[in-house]
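See structure below.
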Amino acid sequence: METIILAVVIAVVVIVALGGLVVGSRKRKQLPPPPPAAPDITAPPAEPHVGDEAEAPHDEPRRTLEEVDLPDGSAAPSVVVEEPPAAPQIEIPAPTAGRLVRLRTRLSRSQNALGKGLLTLLSREHLDDETWEEIEDTLLVADVGVQPTQELVDSLRGRVKVLGTRTPAELRGLLREELLKLVGTDVDRAVRTEPEGRKPGIVMVVGVNGTGKTTTTGKLARVLVADGRTVVLGAADTFRAAAADQLQTWGERVGAHTVRGPEAGDPASVAFDAVKEGKEMGVDVVLIDTAGRLHTKTGLMDELGKVKRVVEKHAPLDEVLLVLDATTGQNGLVQARVFAEVVEITGIVLTKLDGTAKGGIVIAVQRELGVPVKLVGLGEGADDLAPFEPEAFVDALIGE
C-alpha cells in the first residue's frame, strides 16, 4: 500500500514539474506586435498663393459666373508693338535753273582778288607800264595763268587806248567782255546724260581723294533728280571704307539706288554691276564714283583704265567728269594732267569755288585741258552744286 501511495506522489510531482516547464517556455516567447492603428487621412496642403506662402490654407469664397465682372473690350491690355524702322524721307532737291545766280553772293567773295582789283587799276588816270604790270600780277595771283593773262592784258591795252576817256561803267563793260571771251560763252557745258537711242547715260566721276569727289557725285545725283531724271549710283571707290556709305546716304536722300561691293573689292566689278542694274531698272543715268590715289599713280592709271574698259562692255561712257578743288589753284592743274593721261576727260567740276578760291582757275584749267567747266560747287549745302553759267560767273567776279 505504501508503495502505491509513493508512486502516486511521484507521478503528481512529475506532472506539476512538467506543467511548470511548459508555462515558463511560453512566457519566454515574444508575442507578435499588435496590429497598427488605422492612420488619420487628411487633405493635402493647399498650394501657396503669391505673397502668402506661410499663411495657413483656408477656404476662399467662390463666385458664380453671373457675379464675375467680365471685360467689355473697352479697356484692352496695352501691348507694346515695335514699329518697323521708318524709311528715309525722300527729299526734293532745289531746281537747278538759276542756281549760280541765286548763289552769286558766295561766289563774289573771290572778286576782291580779281574783279575789284582790276577795276581799281584800270580806273587810274594814267595807265603807264607800271600799272599794266600790276594788272598782270593781279591776274596771275588770281590763277588765270600766264598765257591767258598775256592775252587779256594785250587786248585791254589796245581797247583802252582807243577808248580814251574811261568812265567806271565803260571800264566794267570792257573788262566783262574780255573775261567772257577768255571763259568762253559758245561752249557746250551741258552734262551729257541723254545718249541717243539707249538708256542709261553713263557718267564716271574721277578726281583726287579729298577734293570732294564722292560728295560731288551725290550732289550731281540731286541735280539730275531735280531735272526729273532717275539715277543709279555705283560706289566704285572701294579703297576708302566710308566712300560707299557716304554715297549710299546721298542716294537714299533722293531715292536713288546705290550699287556697292565689298571693301577693297574690285572697283571695275562694282562699276559693271551698277551699269547692269541701271539697264535692268530702266533708269536714265548711272553715276560711277571712282577712287583717286595719286600717291600710287601707276596703280591708279591701271585701275581707272580697267573701270573704263569694263563699263564700255555695256555701252560707251557718255561723260567723264574731273573734280578739282578750286582752292588748290595751279596745283590743281598738275592733278588734271595726271587724270587726263588715264581717261579722256570731257568736263570739269570745280568745288569750293566760294571762300578763298581765286576765280581765275576756271580760265586756267579750261585752257590746260581743253575741256569746259560744267559744274561748280559753291558751298557745303546739299544743293550748292550748280551748272556753270559764264555770264553769272563773270558778273559775280567783277561785281555790280
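Tabulated data
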| quantity | calculated |
| --- | --- |
| Matching residues in segment 102-118 - criterion: being under 12 Å from Ala396 (Cβ atoms), among the aliphatic types (A, V, I, L, M) and at pLDDT below 75 | Leu103, Leu107 |
| Selection status of Glu134, more than 28 Å from Lys374 (Cα to Cα) and at pLDDT 90 or above | yes |
| Total residues in segment 181-197, condition touching an Asp or Glu at 6+ places or on another chain (Cβ under 9 Å), surrounded by fewer than 18 Cβ atoms within 10 Å (Cβ to Cβ) and more than 28 Å from Met281 (Cβ to Cβ) | 3 |
| Test: residue in segment 130-143 that is closer than 25 Å to Glu389 by Cβ, outside any loop (DSSP other than H, G, I, E, B), open to solvent by 80 Å² or more (accessible area, probe 1.4 Å) and out of contact with any strand residue (DSSP E or B) (no Cβ under 6 Å at 6 or more places or on another chain) | yes |
| Residue that is most open to solvent (accessible area, probe 1.4 Å), among those in segment 316-329 that are of a type in the set (Val, Ile, Thr) and not in a strand (DSSP E or B) | Thr327 |
| Any hit, segment 171-191, residues being touching a strand residue (DSSP E or B) at 6+ places or on another chain (Cβ under 8 Å), within 30 Å of Leu152 (Cα to Cα) and among the basic types (Lys, Arg) | yes |
| Residue within segment 220-231 that is over 20 Å from the mean Cα position of the chain (by Cα) and basic (Lys, Arg) present | yes |
| Positions within segment 154-165 being surrounded by fewer than 17 Cβ atoms within 10 Å (Cβ to Cβ) and part of a helix (DSSP H, G or I), in sequence order | Asp154, Ser155, Arg157, Gly158, Arg159, Val160, Lys161, Val162, Leu163 |
| Residue check, Leu174 open to solvent by less than 70 Å² (accessible area, probe 1.4 Å) and in contact (Cβ under 8 Å) with a residue 60 or more places away in the chain | no |
| Gly332 vs. criteria open to solvent by less than 10 Å² (accessible area, probe 1.4 Å) and in a helix (DSSP H, G or I) | yes |
| Residues located in segment 130-153, provided they are free of Cβ contacts under 8 Å to residues at least 24 places away in the same chain and of a type in the set (Asp, Glu) | Glu130, Glu133, Glu134, Glu136, Asp137 |
| When residues of segment 231-276 are limited to those that are open to solvent by less than 70 Å² (accessible area, probe 1.4 Å) and of a type in the set (Val, Ile, Thr), the one farthest from Asp289 (Cα to Cα) | Val254 |
| Residue pairs meeting the criteria (Cβ under 7 Å; at least 6 apart or on separate chains; first touching a residue at least 60 places away in the same chain (Cβ under 8 Å) and closer than 13 Å to Lys308 by Cα, in segment 252-277; second open to solvent by less than 70 Å² (accessible area, probe 1.4 Å) and in a loop (DSSP other than H, G, I, E, B)) | Ala271/Ala236; Val275/His314 |
| Lone unmet requirement of (1) over 19 Å from the mean Cα position of the chain (by Cα); (2) surrounded by fewer than 21 Cβ atoms within 10 Å (Cβ to Cβ) for Pro200 | (2) |
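Yes/no per residue for (1) touching a residue at least 24 places away in the same chain (Cβ under 8 Å); (2) out of contact with any Ser or Thr (no Cβ under 6 Å at 6 or more places or on another chain); (3) surrounded by fewer than 20 Cβ atoms within 10 Å (Cβ to Cβ); (4) assigned to a helix (DSSP H, G or I):
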position	(1), (2), (3), (4)
Val286	yes, yes, no, no
Asp302	no, yes, yes, yes
Val310	yes, yes, yes, yes
His314	yes, yes, yes, no
Leu353	yes, yes, no, no
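The values are calculated or read from the model by the stated rules, or taken from the named source; none is laboratory data. For clarity, every value in this text was computed on a predicted model and none was experimentally measured. Note that each Cβ is placed from the backbone with ideal geometry, even for glycine, and that neighbours are counted across all protein chains shown. We work out accessible area using only protein heavy atoms, side chains counted, and drop any ligands, DNA or RNA first. Shrake-Rupley method; radii C 1.70, N 1.55, O 1.52, S 1.80 Å.
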